[in-house]
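Chemist: One structure, pasted below without further comment.
The values are calculated or read from the model by the stated rules, or taken from the named source; none is laboratory data. These figures come from a predicted structure and were not determined experimentally. Because the Cβ atoms are built from the backbone with ideal geometry, glycine has one as well, and the counts that use them run over all protein chains shown. Heads up: the accessible areas ignore ligands, DNA and RNA and are worked out on the full protein's heavy atoms, side chains in. Shrake-Rupley method; radii C 1.70, N 1.55, O 1.52, S 1.80 Å.
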Amino acid sequence: MAAIERKKEHRVEGIDQETFKPTGKGVGKDSGPQHHRQPKRTISGDIVRQASLDAFKKLNPVVMIKNPVMFIVEIGTFITLLLCINPDLFVASEAGRGYNIAVFLILLFTLLFANFAEALAEGRGRAQADTLRKTKSDTTAKLVQKDGTTKQVSGAQLKKGDIVRVEAGELIPTDGEIIEGLASIDESAITGESAPVIKEAGGDFSSVTGGTRVTSDYIVIRVQTDPGESFLDRMISLVEGAQRQKTPNEIALTTLLAVLTLIFLIVILTMVPMANYLGIQLDLATLIALLVCLIPTTIGGLLSAIGIAGMDRVTQFNVLAMSGKAVEAAGDIDTLILDKTGTITYGNRMASEFVPVQGVTVQEMTRAALQASVRDETPEGRSVVELAGKQGESWMEQEYAGAENVEFTAETRMSGLNLGSGTQIRKGAVDAIKRHIVSRSGRIPADLDDIANRIAKAGGTPLAVAIDDRIYGVIYLKDTVKPGLKEKFAEMRSMGIKTIMCTGDNPLTAATIALEAGVDDFIAEAKPEDKITAIKKEQQAGKLVAMTGDGTNDAPALAQADVGLAMNSGTMAAKEAANMIDLDSDPTKLLSVVSIGKQLLITRGALTTFSISNDIAKYFAIIPAMFIVAMPQLQALNIMNLASPQSAILSALIFNAIIIPLLIPIAMKGVKYRAMSAERLLGRNVLIYGVGGVIVPFIGIKLIDLILSGLHLV
Ligand SMILES: Nc1ncnc2c1ncn2[C@@H]1O[C@H](COP(=O)(O)OP(=O)(O)OP(=O)(O)O)[C@@H](O)[C@H]1O
Ligand SMILES: [K+]
Ligand SMILES: [Mg+2]
C-alpha cells in the first residue's frame, strides 16, 4: 500500500537511487565541489565597532569581578583616577599630576583592551546568531486537526505532539519526526550545504529540523519540541554564547591566576614598610603600576577570548558544541568509538539480491522476503519491498488483514509479521533468525552459512528470511563505506587515538568494513548496552572516550562518552544525547574537533607561559627604577638602562597594556597546532612562549622607553 505507492511517486519525481545518500556529504577529500562549507567568518567592521562599545560596557564592576585579575586592575584604575584629582589624597606624594594621569590612562586602556578581546570573540558568534534568527522569522504552519483538515497557525505556537503538513517550497516550522511522506529537504540554512537531502518516515533519517525547507513532495511531521526549545533556538543561544559557562580547566586556571594576584598584592604591600625603613617614599601610583605589571594580566585579559574563540572555531567546522568542556575533552581523547551504519557507511542499506537456500526457488525466496517486509518502515525494509516489486512480486492487502506487525528492534535484530492464521514471518540478522528457528525446533539449511558468509565477506549485511520454522534464504543488503576514511583514521592513529567500530552487524561483515575503513578494532553483534559497556571499559582504564553515532540506539552511548558527536542526519534522540552535532554528518570531523580542542589547551598554556615569563623583564625595568635613587648599588641591576625611573615604569606599564591587543590574533586563531606527540609539543611551546616571553618585553620596554624619551614625554 502506502510504502509501494510512495516509492513509485518517488521514482516518478526522478530522484535517482544512486543519489539517495542522506548522509553522504562533506566526507573526506573525494566529496570535492559537492561540499559547500559556510564561508569563513571574518571580523567585519561592524563586529569591531560593536566590540569597542562593549569594551566600555564590560567595565561594569559587577561583570568585571568574574575575572579577579582584571578586577584588581580596575580597582587600581579607580584609585589612580582619584589621584589624578588629588595626588595627595591618600599620602603625600611627589608624583606630578601628569604622571598620575598617564598611569590612569594606561590602566584604563589595559582594561579596555582585555574587554575588547572578549567582546571581539563574542561578536563573531553573535553575527552568526543574527543570521540564524532571520531563518527563524515568522513561519506559518499547516496544523493537521483531529478531523484531518488543516488549519493555518503561527509556527511559534506549535507544541510537542502537534501534527503538521509541509508542502514543497515551504519552511519546516520546527523540529519533528516525519510520520508520513518522503521529501527532499534543503538544509542549507543550518548546515550551509546546498545539496538537498532526502528524508522519509521510519528509520534513522526521519527527523527534520525547523528552519529547513521542503523542496519537493510533501511530508507530515509530528512536532518534537516545545516553543523556544528547537534545534535552531539551541543553535542560536550556543553560537551567541548565552549559555557559555567556564570549563573546569578555565575555572582552575582562573583560580590559579587569582592566587598569583593575591601573592603579588601581598609582596607589594610588604614593600611599603621595607621601603619606608630604607627611607624611600614609594608613591601610590607607582605601586599600583608595579602590581599591575606583575599580576598575570596578559592571560587574565585573554582567557575568556581564547575559550570563546575555540568554540567558534568548532562552529566554523560546521560542528555545534554544546559545551566548551566537550571541546576541551576532545583535545585529550584516547579512544574513538564509531557506529557502522550511517557513520562509517552512508547508512542507506539497500536490498540488492535475494539468495535462496537449496530447495527454495528465487521466486519463493523473493516472496518470503517481501512478506517479511511489507510492514517494515525502516529504509532496509522498504528497499526489500522495492526490489521484490522490481522482480515482479506483488501482494494483496487482504492477505495481511489482521496481521500483527513485529517491528525491528536493535535488541531482537529481527522484524516481521504474525499473520491471523498463526503463521510467523521473520527476517533479521542471521544468528538471530537461527536462534529463532532452533527455538521452534526447525532445521538450519546446510548452505545458509555459506551464503551469509559470502555476503558478509563482501561487506554486505545478510538478513535471513524465515516463515514459521523454515528458512528460505538470505537478503543481501548493500551499503557503501564513505570515502576518505582510511587516511583520516591513519592520522588519528599518528595522534595516538585508537578507533573502534561498534556495530550490530555480524563479525564477518564488521571485519570487512573495518578493514575497508581502516579502523583499529571492531566489536560486532553489539546491542545498545554493549556500546555503553565498551565505552565504560575504556573509561575505567583511564581513557577519555569519544563516540560518534546517528541512531536512536546510539543515544545512550553518546551520552556516556566524554565526547558524543552525533551526525546531523541522525535521529533527534541521538542529537539530544550528544554534546556535539556534526552538521555535515562526517564521522572523521572528530579529527578536526580533536585538533581544535588540543589547540585550545595549547593556546591557553602558551599564553599563560608567556604572561608569567614577561615578569622577569618587568622586574629589571621597574625595581631599579624604584630604588636606584636611594640605593645606588642597585645600578648593577639596571641592565636595561632606561631613560628615567618614571619612563621605566610607564614603559613597562604601556608594554603590559599593548601586549593584550597584540596577542588577540593568537588568542582568536589559536597557536599553530601540528600532529605530534604531547611531549614534543610541550617542549616546543615552552621554548617559544617561555623564552619568547622573557626576551620580547626586554625589547618592547626598551623601545617604548626610547620613544617616550625621544619625544621628551618623560
Ligand atoms: N529492518 C530490519 N529488519 C530486520 N533486521 C534488521 C533490520 N535492520 C537491521 N537488521 C539487522 O539487525 C542488525 C543490527 O541492527 P542495526 O544495524 O540497526 O544495529 P546498530 O547497532 O545500529 O549497528 P550499525 O548501525 O553500526 O550497523 C543488522 O546488522 C541487521 O542484521
Ligand atoms: K601583567
Ligand atoms: Mg545504527
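Chemist: Can you tell me which condition residue 483 does not meet? The list is (1) in a loop (DSSP other than H, G, I, E, B); (2) more than 16 Å from ligand 3 (Cβ to nearest atom); (3) within 27 Å of residue 385 (Cα to Cα), and all the others hold.
Modeler: (3)
Chemist: Any residue that is of a type outside the set (Lys, Arg), crowded, with 18+ Cβ neighbours inside 10 Å and within 16 Å of ligand 3 (Cβ to nearest atom) - is there at least one of those in the range 367-374?
Modeler: no
Chemist: Residue check: is residue 546 in contact (Cβ under 8 Å) with a residue 40 or more places away in the chain and assigned to a helix (DSSP H, G or I)?
Modeler: Judged against the criteria, residue 546 is not a match.
Chemist: Next up: Report, by residue number, each residue of the range 589-645 that is of a type in the set (Ser, Thr, Tyr) and either in a helix (DSSP H, G or I) or under 33 Å from the mean Cα position of the chain (by Cα) (or both). Break it down into steps so the answer makes sense when it comes.
Modeler: In the first step, residues of the range 589-645 are kept if they are of a type in the set (Ser, Thr, Tyr); the result is 592, 595, 603, 608-609, 611, 613, 619, 644.
Hits for the range 589-645 are 592, 595, 603, 608, 609, 611, 613, 619.
Chemist: Okay, moving on. Tell me, which strands (runs of 3 or more DSSP E) wholly within the range 129-189 include 2 or more residues that are in the same structural domain as residue 204 (by the TED database)?
Modeler: Passing ranges, in order: 163-167, 176-186.
Chemist: When you go through (1) in a loop (DSSP other than H, G, I, E, B); (2) within 31 Å of the chain's Cα centre (by Cα); (3) of a type outside the set (A, V, I, L, M, F, W, C) one by one for residue 341, which number turns out not to apply?
Modeler: With respect to (1) in a loop (DSSP other than H, G, I, E, B); (2) within 31 Å of the chain's Cα centre (by Cα); (3) of a type outside the set (A, V, I, L, M, F, W, C), residue 341 is out only on (1).
Chemist: Further, regarding this structure: Could you please find all residues in the range 391-450 being buried (at least 20 other Cβ atoms within 10 Å of the Cβ) and touching a residue at least 60 places away in the same chain (Cβ under 8 Å)?
Modeler: Matches in the range 391-450: 413, 429, 430, 445, 448.
Chemist: Next question. When you scan the range 256-273, do you find a residue that is open to solvent by 30 Å² or more (accessible area, probe 1.4 Å) and assigned to a loop (DSSP other than H, G, I, E, B), even just one?
Modeler: no
Chemist: Within the range 272-322, restricting attention to residues that are more than 16 Å from ligand 2 (Cβ to nearest atom) and among the hydroxyl-bearing types (Ser, Thr, Tyr), which residue is modelled with the highest pLDDT?
Modeler: Within the range 272-322, the match that is modelled with the highest pLDDT is 304.
Chemist: Check whether at least one residue in the range 157-178 is without any contact (Cβ under 8 Å) to a residue 24 or more places away in the chain, hydrophobic (A, V, I, L, M, F, W, C), touching a strand residue (DSSP E or B) at 6+ places or on another chain (Cβ under 7 Å) and farther than 29 Å from residue 586 by Cβ, and report yes or no.
Modeler: Checked the range 157-178: no residue is without any contact (Cβ under 8 Å) to a residue 24 or more places away in the chain, hydrophobic (A, V, I, L, M, F, W, C), touching a strand residue (DSSP E or B) at 6+ places or on another chain (Cβ under 7 Å) and farther than 29 Å from residue 586 by Cβ.
Chemist: Checking the conditions here, which among 516, 491 is more than 12 Å from ligand 1 (Cβ to nearest atom), under 18 Å from residue 342 (Cα atoms) and in a helix (DSSP H, G or I)?
Modeler: Step by step, each of 516, 491 is checked, and only 516 is more than 12 Å from ligand 1 (Cβ to nearest atom), under 18 Å from residue 342 (Cα atoms) and in a helix (DSSP H, G or I).
Chemist: Let me ask something additional. I'd like the full set of residues that are farther than 14 Å from residue 381 by Cβ and within 16 Å of ligand 3 (Cβ to nearest atom), limited to the range 413-428.
Modeler: Matches in the range 413-428: none.
Chemist: Still on this model: Test residue 188 against the criterion of being at pLDDT below 90 and more than 21 Å from residue 319 (Cα to Cα), and give yes or no.
Modeler: So residue 188 fails the test.
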